[in-house]
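Trainee: Let me begin by handing over the structure; questions about it come next.
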Amino acid sequence: MTLAVCAAPARAALSVSAEVDRNSVEISGNLYLTVTVSGDSASVPDPKLANMQNFNVYSSGRSQSISIINGRIATSVTFTYILTPRFLGVQRIPPITVFNGKEKAVTPEIQVTVTKGGQQGAAAQPTAQPQRSSHRQPTRAAAQGGPQIFVKAEPDRRSAYPGEQINLSIKFYTSVPLSSNPQYLPPTFKNLISEDLPPIRSGETEIGGVRYAFSEIRTALFALAPGGAEIRPLSVIAQIPSNEPVDPFDPNFFQNLMAMSGAQGKSQEFTTDIIPLTIKPLPPGAPADFGGAVGNYTITASADRSEARTGEAVNFSIALNGTGNLKAVTAPKLPDLADFKVFDTMSSLDIKKERDIISGKKTFTYILVPRAEGRKTVPAVKFAFFDPAAAAYREIRTEPVVLRVEKGAEGAKSVYFNQAAPGGGDVTPSGSDIRYVSERSGAAASPRLAARVTALPLWAHAIPAALLTLGFWLARFNRFKSANPLLFRFRRARASASRDIDEAEALVKAGRNNEAVSLLYDSFMDYLSDKCGVKVSALTMKKAGDLIKERFPGVGDRAMEEIRELWTALELRHFSPEAAGAEGTSDLAKKYALLLELLEKELRK
Amino acid sequence: MIPAKKVLFLLLAAAALPAAAYDRSELAEFNDLYKTGRYEEALEGYRNIIAAEPANPWAYYNAGNALFRLNRMGPAVLNYSRAFMLDPRSADIRANLDYALRQTGQTLAPDNVPKALHYIYYLLAEREIKAAAILLFWLACLAGAASFLFDGGGAGRAAGSVSLTAAGLLVLALAWLGARQTSPFTAAGVAVKPDGARMLSGPGGNFKTYASAPEGRLVRILDAADDNYYEIGLPREGIKGWALKTDIERL
């Protein structure tokens, strides 16, 4: 008979259901509770079981299934527990909750009827529980001096590697009947994690001539790190029927009276001592791919199809099978897949506990999206682990997986890997990594140009500064020159007159005397005009003499006389060309040159 | 304007010349080594490229990738940082530097700084800002000289406007360069040893060790005058000390 209840908020992604394999169980039997958590993400939370005083609860295993259909992820994890009842009557399994941080789902309460042995047609456990079997020899242990009840914890080894399984056997012995099934309070651990190994074994044995009924609970332990580890004390609380008379003045009178009636007994706690363990360090020489896995594994790789189109998602799975603490096994490192975009990594875990060995399968699923068409290969994936039986590292690898990729339609490039329907939600990144190496062979132009510019010598930068200074000076000079034209004419007059004399002499030599005289005349007029600061047209001999006397008082009479003589001679020859012979013209040029010499000296006085 | 144009043209032409200091096909070979997981060999190849072409940011980037795969986080951060200093606009370089920094408890962009502002702050490499400042200086001077030479004319006024604009931009570039002096990548180094860098209270083994910069941590180099020790600072923690030069690689 199966009772199943399910709870999930309307339209919620997270749901939980719980079922028991029967709704009535003998006090000496076991009950299987199966809790299934479903969600639309790669991982779902573990269920939270309330503290149950009326049952002893042992984890029996878990099984996970994950599916990705059209980019939608659906995960379902089934957790199995074995429940052993402690009291007769209607017992309740409280609501079981799961919470993923956003959504919460709760199962309804489950009721189970616990009956005395023999009421059920088929007992779950043929061997009676301690309190049932111990009716045969109720007080023999006391008579022979041995303890009536004791508990013993014993690991199968005292030394192990981190991650190597250690089986802890906890046995509860009793030679007297008990009022109810005892309550087991599991030990805590230092540097160890534990995994239940149900079911509970029970039987009878003889120790020191005393016959005991016993219950055995086994637990698998895995060390976390080298060094010391401890199994701390565990407790078993048992209700022992009391045969003492009831004292009416005892403050616990009513409790003792109830114990007399058989409904309750005297509560007694039994504990064990601390058990130290030695955890050996893993030997040196671990392969580069070693990620801490200890046990014995095999690895396989597969894709959900052998043909795909570019832009379409392919589910690529790596499955690790074997014995060991699979919960702690991390995903093997994928080789660089240049031909694929790699998206989510999801893991599913199936754990079995057969023959007290933790084994199972852990599957890592990657979403690969081919980038280009052609025959694409996912290379072998390596996985390294430490085999404690051989005390050696082993490296295993998958076979390469080949995919034939065809060109996909443009629309196929929109791939969704999120929980919601395509088009309605966001991509959920599940991991991250550095970006791939670059194929670019050199620096861009900008950094190269920058490198060359900054490598220029410091003095090179003085060139524009010098040009700027020069430009500034030239501009100032031109402005000054424009503002003071007479000053520049005054300064240039001598040089200009000298050039004219040279030119006139050249004309004389060429026999062109008239042109030479005209040139000398114009030159002399220009010279006097520049020195006097008036236009040639406004210059007369008298005015020139007055201006020279006024502006340059140091000019002597001789110089003034020479000016008048030259002026007269030049005018005469200029306006009477027939008088301009070669000899006379040359003399005029020399006289003009001598006058210039004299005037330049006189003008500076 | 003509001299400025000539100088710019020559500089651009020089920059455009292929830096054929190594065989291009070697890069593909090194990348193949990386692809097949032979990271040490790939790293050796990338180092050869760096030696031949030290201004190539991608050589540093690829070397950073190989070092990251080899789980040598300090040298990986160093190489990504050098790539970032050469080409801060590359999204790939930024992403990998940020990723590597996060592995060492650091971030590229502080959480309280808007991403856009951080991007603009690092839009140009420090060397590019310097080069821009130099070119703006040249432009401002030459255009200024031209404006003086063509004094009073339309060309002179245009040259004057160009010169003033360039001078304004030069001031901005210098201000940017000044602001970049507070960047964690300026006057910085990286702790490259797997055990990090011990920080001593003085430049010598006889001084007390009072802190340790973990591998991959960006540190500010405050003083490099000593032969064997850098004086380094950890701005976030507000502490400084002396670390062996062999433990810190300068950016």
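The values are calculated or read from the model by the stated rules, or taken from the named source; none is laboratory data. From a predicted model like this one, the values you see are computed outputs, not experimental measurements. Using ideal geometry, Cβ is built from the backbone for each residue, glycine included, and neighbour counts are taken over all protein chains shown. Remember, those area values only see protein heavy atoms, side chains included, never the ligands or the DNA or RNA. Shrake-Rupley method; radii C 1.70, N 1.55, O 1.52, S 1.80 Å.
Trainee: With angles folded into 0 to 90 degrees, how steeply does helix B:24-35 sit against the dominant principal axis of chain B? Use alpha carbons for both and round to 10.
Mentor: So the helix axis and the longest Cα principal axis differ by about 40 degrees.
Trainee: Compute for chains B and A the buried accessible surface, both sides summed, probe 1.4 Å, and express it in Å² to the nearest 100.
Mentor: 4000 Å²
Trainee: If you don't mind, another one. Report, as an integer, the average count of C-beta atoms from other chains found within 10 Å of each Cβ along B:85-98.
Mentor: Per residue, the average neighbour count from other chains is 3.
Trainee: May I ask you to derive the FRET efficiency for A:Thr540 and A:Arg476 from their Cβ-Cβ distance with R0 = 41 Å, giving the value to the nearest 0.05?
Mentor: 0.60
Trainee: OK, next. Within region A:429-525, report the GluC sites (Glu not before Pro) that DSSP leaves as loop and that have at most 13 other Cβ atoms within 10 Å.
Mentor: Within region A:429-525, the qualifying GluC sites (Glu not before Pro) (loop, at most 13 other Cβ atoms within 10 Å) are A:Glu439.
Trainee: May I pose another question? Based on alpha-carbon centroids, what's the gap between region A:180-232 and region B:29-108 in Å, whole number please?
Mentor: About 53 Å separates the Cα centre of region A:180-232 from the one of region B:29-108.
Trainee: Quick one: pull the percent of accessible area on region B:126-182 belonging to carbon and sulfur, 1.4 Å probe, ligands and nucleic acids left out.
Mentor: About 75 percent, which is the carbon plus sulfur part of the accessible surface.
Trainee: May I pose another question? As an exercise, identify the trypsin sites (Lys or Arg not before Pro) in region A:490-539 lying in DSSP coil whose Cβ has no more than 14 other Cβ atoms within 10 Å.
Mentor: A:Lys535
Trainee: Can you give the average number of partner chain beta-carbon atoms within 10 Å of each beta-carbon in peptide B:53-59, as a whole number?
Mentor: 6
Trainee: Which whole-number value in Å² is the accessible area per residue of region B:86-245, probe 1.4 Å?
Mentor: With the other protein chains kept in place, region B:86-245 gives 49 Å² per residue.
Trainee: OK, next. Which percent of the accessible heavy-atom area of region B:188-250 goes to carbon and sulfur, probe 1.4 angstrom?
Mentor: So the carbon and sulfur contribution to the accessible surface is 48 percent.
Trainee: While we're looking at this one, here's another question. Quick one: pull the percent of accessible area on region A:464-564 belonging to carbon and sulfur, 1.4 Å probe, ligands and nucleic acids left out.
Mentor: So the carbon and sulfur contribution to the accessible surface is 56 percent.
Trainee: Could you give the radius of gyration (one decimal) and Dmax (whole number) of the Cα atoms in chain B, in Å?
Mentor: Rg and Dmax of chain B, Cα atoms, are 22.1, 73 Å.
Trainee: In degrees between 0 and 90, to the nearest 10, how far off the longest principal axis of chain B does helix B:126-149 point, with axes built from Cα atoms?
Mentor: Helix B:126-149 sits roughly 10 degrees off the main axis of chain B.
Trainee: Let me understand region B:17-114 better: what is its radius of gyration from the alpha carbons, and its Dmax, in angstrom?
Mentor: 13.7, 45
Trainee: Using only Cα atoms, find the angle between the long axis of helix B:154-180 and the longest principal axis of chain B, and express it within 0 to 90 degrees, rounded to the nearest 10.
Mentor: It works out to around 10 degrees.
Trainee: Give the total of Lys-Lys pairs in chain B with Cα-Cα distances below 27 Å; include a pair only if its members are 8 or more places apart or on different chains.
Mentor: 9
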